[in-house]
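Some notes on the structure that comes next.
The values are calculated or read from the model by the stated rules, or taken from the named source; none is laboratory data. Computed from a predicted model, the values in this text were never measured in an experiment. FYI the Cβ positions are ideal-geometry reconstructions off the backbone, even for glycines, and counts take in every protein chain you see. Only protein heavy atoms, including side chains, enter the accessible area calculation; ligands, DNA and RNA are left aside. Shrake-Rupley method; radii C 1.70, N 1.55, O 1.52, S 1.80 Å.
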Amino acid sequence: VGYVAFNNAVFLMAGRYARNALSGSVDKDFGAGVAITDAVVHNNALVVGFGGTTTKIWSRDTAGNWTQATDAVYADYFAVVDNRLWRATATNQVSNIGPTDNPLTLTNWSSGISVGGATEAITALNDHREQLAVSKTDGLYLGDAAAIFPNVLPSLTPAADNGTGTLVVGAAIYFPHRFGLL
């Protein structure tokens, strides 16, 4: 997944471990057979997702305490847009919570919002100029305030790794696809 700055520290989120990037020490081992898919800072907590519906999300507070959701809260990917935390929860579903809501509580999350078709998977979420950018295997969907997500790359040929590792830098979105980078 990569590096996440949180609470005056930098964490390397990779595989089943959250490591302190400076010391290399393991801050949290999430267990055998578990792999982190994304991590983000929201509401003064580090929030970690694992994809699918097997491992519930975890969060770390500023005191260093790790807590797993007791509710059935799962996430493939995260993005923070205008202080709202968004998560991808299914092939074509995203949902969000408010700036002070606890992500470990299922009732805090909105109902699922459909993005594109049900057969093409979400591969990344990003914040782009106060819009949620949803990368999928068949294109890039930019959400508006009404939660409408048009595909801005409709002619893209679907491929399993399209959009994986999408990066937003300033006003630019770098969208990897099977033939290069858009």
- Task: Given the conditions (1) within 24 Å of Val41 (Cα to Cα); (2) in contact with a strand residue (DSSP E or B) (Cβ under 6 Å, 6 or more places away or on another chain); (3) charged (D, E, K, R), report the number of the one that Glu130 does not fulfil.
- Result: (2)
- Name the single residue, out of those in segment 97-113 being without any contact (Cβ under 8 Å) to a residue 24 or more places away in the chain and of a type in the set (S, T, N, Q), that is most open to solvent (accessible area, probe 1.4 Å). Ser111
- Query: Do you know which residues across segment 154-181 are surrounded by fewer than 18 Cβ atoms within 10 Å (Cβ to Cβ), among the hydrophobic types (A, V, I, L, M, F, W, C) and within 21 Å of the chain's Cα centre (by Cα)?
  - Reply: Ala159, Ala160, Leu167, Val168, Val169, Ala171, Ala172, Leu181
- Message: Suppose we keep only residues that are closer than 16 Å to Asn108 by Cβ and β-branched (Val, Ile, Thr) within segment 61-70. Which one would you say is most open to solvent (accessible area, probe 1.4 Å)?
- Response: Thr70
- Note on the structure: Counting only residues that are part of a strand (DSSP E or B) and touching a residue at least 40 places away in the same chain (Cβ under 8 Å), segment 67-96 contains a total of 9
- Message: I'd like the full set of residues that are exposed (fewer than 14 other Cβ atoms within 10 Å of the Cβ) and closer than 21 Å to Asn83 by Cα, limited to segment 27-60.
- Response: Asn44
- Task: Among the residues of segment 10-26, write down those that are open to solvent by less than 70 Å² (accessible area, probe 1.4 Å) and within 20 Å of the chain's Cα centre (by Cα).
- Result: Val10, Phe11, Leu12, Met13, Ala14, Gly15, Tyr17, Ala18
- Task: Determine, yes or no, whether Thr53 is modelled with pLDDT under 95 and more than 27 Å from Gln131 (Cβ to Cβ).
- Result: yes
